Amino acid sequence: MGEFNADPRLSEIVRTMRWRVRPERLVLVGIDPRELPVVLRVIGGLIGRFWQLTVEPEVVTLALEERDWRAVSPAFPHAEIERTYRAISFEVDLPPDLVGFMALISGALAEAGVPLLAVSGFRRDHLLVREADLERAEAAISALVARA
């Protein structure tokens, strides 16, 4: 079980963790950073239960539900859009000093040939995977849990 050697707590955390595929269908949107004031105005009206905003000098990235994107997309005619993603949420409060959790999960998905985007919240981690890869992602995570 070398894959669980990064932190002695990893095996137990993975073995007992709950995870789920969120029902929302998500889009990933890249917006010119000069449009950040517009982004900040429209995000207050988002009704989705899962979304994330990342601001970088080169691009503003939104991950949000398709229905929310349909509502705000007219404000961003030049946005780059990637469809369709699903979020896998790990329903475990991870210790802030834990080493190797995301490496373990992303390694299992890499072995299965599943590309991913990692999303971290204050207490929990999530993965965005293309809907077309969801079944393989679920199988890879289930196999990892079984090995723990």
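Structural remarks
- Just so you know, the Cα atoms of the stretch 32-148 work out to an Rg and Dmax of 16.1, 47 Å.
- The residues packed around residue 39, meaning those with a beta-carbon under 15 Å from its beta-carbon, carry a net charge of -4 if Lys and Arg are +1 and Asp and Glu are -1.
- Radius 12 Å from Cβ of residue 17, net charge of other residues (Lys, Arg +1; Asp, Glu -1): +1
- Computed from the C-beta positions of residue 6 and residue 134, the FRET efficiency with R₀ = 30 Å rounds to 0.70.
- Separation of the residue 71 and residue 18 label points, Cα + 7 Å toward Cβ, nm: 2.8
- Under a model in which nothing but the beta-carbon of Lys, Arg (+1) and Asp, Glu (-1) is charged, the chain shows a dipole of about 460 debye around its Cα centre.
- On the principal axes of its alpha-carbon atoms, the stretch 26-84 has extents of 26, 22, 19 Å, going from largest to smallest.
- Simple label model, 7 Å out from Cα along Cβ direction - residue 91 to residue 36, nm: 3.6
- In a simple Cβ point-charge model (Lys, Arg +1; Asp, Glu -1; nothing else charged), the stretch 26-84 has a dipole of about 280 debye relative to its Cα centre.
Coordinate-derived values only; no laboratory data. The structure displayed is predicted, hence computed values, not measured ones. Backbone-built Cβ (ideal geometry, glycine too); neighbour counts: all protein chains shown.
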